[in-house]
Amino acid sequence: MSHRSRVRLAFSLFLLWGFVDARAADPATPAGQQSKLPCPENEIARYTAYHVSERIRIDGKLDETVWQHAPRSPRFVDILTGAQAIHDTRAMVVWDDTNLYVAYRIQEPFVHAKYTNHNDPIYYDHDVEFFIAGRDAYYEFEINAFNTSYEVFFIWDDAYGAFAEAPEFARSRLKPFNGVGFTNHPRGGRLGNFNWSFPGKQTAVQIDGTLNDDRDRDRGWTVELAFPWKGFEWLAKAENRSLPPR
């Protein structure tokens, strides 16, 4: 759902709300009824994110015991064809009572990045992406090998009333967005705050190679992220989700 107009490497992880199971069943969809979302329920990948007690330092190195033992996702696949991605890319997710942690290992023989300012259009770079979906809103996060991030908070039009009184979601701060490639999304339109930053997030990147230098071959790069539970307030509100999860 980023604004992209040319081919690039974009490795995306989608967490639809539910933190023991990365995609909880939708209680509003009766058994046997096909989901109205573009992706059938039975095709959504699931991942178990474990609660941890070891302190995690957000430095991009992924050298804590936690990351050595956390389950790795399957190799990412092409979103259009379903075939394995050209380069081996996997994600890991764990959590404690303070943060949700996400890590990526990205194989890439020539690590490149261009943009260095927050909310630059890094969707034109090779990047990794992370989406967190609540019932009525979702958060998009992207990061490149310079540790430059891009983030947006989206609210579905039909749910805007519940957000209208919050200064950060005043109508003057939001822009209509219909989604990349979607002229009519099944749920309708959405509004985006393109200046919203996730409160207290931490990000780090480590490169195993030489950035923007093709005279040698790189092994790839790693990304380490921490999102405080307190920053999930507006994503959790519609369903009164516990923060942190119980």
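The values are calculated or read from the model by the stated rules, or taken from the named source; none is laboratory data. These figures come from a predicted structure and were not determined experimentally. Note that we place each Cβ from the backbone using ideal geometry, even for glycine, and neighbour counts take in every protein chain shown. Just the protein is used for accessible areas: all its heavy atoms, side chains included, with ligands, DNA and RNA removed. Shrake-Rupley method; radii C 1.70, N 1.55, O 1.52, S 1.80 Å.
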Practice problem: May I ask you to list the residues in the range 119-134 that are within 15 Å of ALA145 (Cβ to Cβ) and in contact with an Asp or Glu (Cβ under 8 Å, 6 or more places away or on another chain)? | Solution: ILE122, TYR123, HIS126, ASP127, VAL128, GLU129
Quiz prompt | Within the range 196-246, tally of residues that are under 20 Å from ALA159 (Cβ atoms) and open to solvent by 30 Å² or more (accessible area, probe 1.4 Å) | solution = 8
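Do you know which of the residues in the range 111-122 that are under 21 Å from THR89 (Cα atoms) and open to solvent by less than 40 Å² (accessible area, probe 1.4 Å) is nearest to the chain's Cα centre (by Cα)?
ILE122
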Quiz item: Quick check: anything in the range 154-174 among the hydroxyl-bearing types (Ser, Thr, Tyr) and either under 30 Å from THR210 (Cβ atoms) or buried (at least 18 other Cβ atoms within 10 Å of the Cβ) (or both)?
Solution: no
Quiz item: Which of the residues spanning the range 76-94 are open to solvent by less than 80 Å² (accessible area, probe 1.4 Å) and of a type outside the set (Asp, Glu)?
Solution: PHE76, GLY82, ALA83, ALA85, HIS87, THR89, ARG90, ALA91, MET92, VAL93, VAL94
Self-check item: Options GLU108, GLU129, GLU140: the member that is among the acidic types (Asp, Glu), out of contact with any Gly (no Cβ under 8 Å at 6 or more places or on another chain), open to solvent by less than 10 Å² (accessible area, probe 1.4 Å) and farther than 11 Å from VAL223 by Cα
Solution: GLU140
Quiz item: GLU64 versus (1) buried (at least 16 other Cβ atoms within 10 Å of the Cβ); (2) touching a strand residue (DSSP E or B) at 6+ places or on another chain (Cβ under 9 Å): which is the lone unmet condition?
Solution: (2)
